[in-house]
Amino acid sequence: MNLTPFALGVALCLSLPAQAELTLSGLPFDKDPTEQNKNYVALATQLSQALGEDVRYVPSANIQGYAQAIRRGEYDILIDGPHFSAWRIAEGLHSAVAQADIALTYVVVTTADDTGIQSLEQLVSKPVCASSPPQLSTLMLLNQYPNPIQEPTLHITDGYLPKVEKLLKGDCRAAILSATFYEHTLDKATQAKLRVIFNTRPLPGYLMTASPKLTEAKRTALTKRLSTANPANDSLLQALTKASVHNGEPEKMHWVVPDTASIKGLEKILIKQSYGW
């Protein structure tokens with residue numbers, strides 16, 4: 001049977017696989033996911049418009065499921081901490097797109113009247129309120145202990161405020177918190193009941209990375225858009241911050257060209273301190 005050029009073209013188009021959608025996800029927050037899911041759906045819509053491709057948000061119920069999905073390569077666009085991003089880049093699974101212009105710092109605190117704890121060494125075998133690994137705060141704490149049999153005992157607690165509450169009740173001898181939460185969210189009266197015994201070094205902020213399903217040309221264009229836009233009037237940039245940066249200010253938060261050299265090596269902390277990486 002002879003086909004006309006038009007019919008041949010139609011047949012060829014029908015035989016080609018449909019363009020696969022891009023999947024978007026991000027680090028689950030320690031809070032009710034309803035608002036976060038809503039924000040990520042809005043971000044997926046903005047990215048679909050910017051990229052000219054369908055982007056679908058795939059929520060993750062918890063950090064363990066999120067980590068497993070990352071290892072299986074189930075996400076095409078991700079926004080999360082620098083240790084996860086460093087691992088994906090080192091494994092050749094993703095490339096960096098943009099980086100939040102903030103630094104992540106954590107503090108280990110004890111109660112102000114606990115004179116028995118003055119340093120991290122005195123926390124060995126003591127209960128510490130912390131998030132479950134592979135949360136970056138917990139990995140940074142564990143990384144201070146070279147001997148895995150001489151570490152604190154983790155008292156897994158979701159959310160920074162519940163960590164403080166359990167510490168003040170005596171359930172833990174210390175807690176690890178975001179420095180931003182400690183300095184700007186905790187009231188002064190509660191701060192007065194606590195004492196900082198350790199500060200982590202500043203780490204790069206949240207990163208967006210993408211799999212090879214996002215072409216190099218589109219990835220480069222997205223980097224330029226995100227790193228040059230004014231957050232005061234750019235809806236994509238605002239949606240990105242609102243979805244991914246805990247307590248971020250969407251109209252003020254800038255994103256920059258990613259500095260992959262600054263996160264190189266963080267994947268080793270993830271591998272060393274978390275099972276399965």
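The values are calculated or read from the model by the stated rules, or taken from the named source; none is laboratory data. This is a predicted model, so every value here is computed, not measured. Neighbour counts run over all protein chains shown; Cβ positions are idealised from the backbone, glycine included.
Observations on the structure shown:
- Residues of segment 236-266 that are outside any loop (DSSP other than H, G, I, E, B), farther than 22 Å from LEU24 by Cβ and in contact (Cβ under 8 Å) with a residue 24 or more places away in the chain: SER262, LEU266.
- Looking across segment 99-118, the residues that are in contact with a strand residue (DSSP E or B) (Cβ under 6 Å, 6 or more places away or on another chain) and not charged (D, E, K, R) come down to GLN99, ALA100, LEU104, TYR106, VAL107, VAL108, VAL109, THR110, ALA112, ILE117.
- Within segment 13-32, considering residues that are hydrophobic (A, V, I, L, M, F, W, C) and either modelled with pLDDT of 55 or more or assigned to a loop (DSSP other than H, G, I, E, B) (or both), the one nearest to VAL58 (Cα to Cα): LEU24
- Members of segment 116-142 found to be out of contact with any Cys (no Cβ under 9 Å at 6 or more places or on another chain), in a loop (DSSP other than H, G, I, E, B) and at pLDDT 95 or above, listed by number: GLY116, ILE117, GLN118, SER119, VAL124, SER125
- The residue of segment 196-221 that is farthest from ALA103 (Cα to Cα), among those that are more than 19 Å from the chain's Cα centre (by Cα) and surrounded by 18 or more Cβ atoms within 10 Å (Cβ to Cβ), is LEU214.
- All positions within segment 46-60 that are within 22 Å of the chain's Cα centre (by Cα), polar (S, T, N, Q) and closer than 14 Å to SER235 by Cβ: GLN46, SER48
- The numbered conditions (1) over 16 Å from GLN99 (Cβ atoms); (2) surrounded by 15 or more Cβ atoms within 10 Å (Cβ to Cβ) are all true for LEU236 except (1).
- In the set ALA192, ALA261, only one residue is out of contact with any His (no Cβ under 9 Å at 6 or more places or on another chain) and over 28 Å from LEU123 (Cβ atoms); that residue is ALA261.
- THR185 touching a helix residue (DSSP H, G or I) at 6+ places or on another chain (Cβ under 9 Å), polar (S, T, N, Q) and outside the structural domain of ARG71 (by TED's automatic domain parsing): yes
- The one condition in (1) of a type outside the set (Val, Ile, Thr); (2) at pLDDT 95 or above; (3) assigned to a loop (DSSP other than H, G, I, E, B) that GLY73 fails to fulfil: (2)
- Screening HIS254 on (1) surrounded by 14 or more Cβ atoms within 10 Å (Cβ to Cβ); (2) farther than 25 Å from TYR160 by Cβ shows it passes everything except condition (2).
- Selection of segment 105-130 for residues being crowded, with 21+ Cβ neighbours inside 10 Å and either farther than 16 Å from ALA175 by Cβ or out of contact with any helix residue (DSSP H, G or I) (no Cβ under 6 Å at 6 or more places or on another chain) (or both) yields VAL108, VAL109, THR110, LEU123, VAL128.
- Some residue of segment 151-162 being more than 27 Å from the chain's Cα centre (by Cα), modelled with pLDDT of 95 or more and either of a type in the set (A, V, I, L, M, F, W, C) or in the same structural domain as GLY65 (by TED's automatic domain parsing) (or both): no
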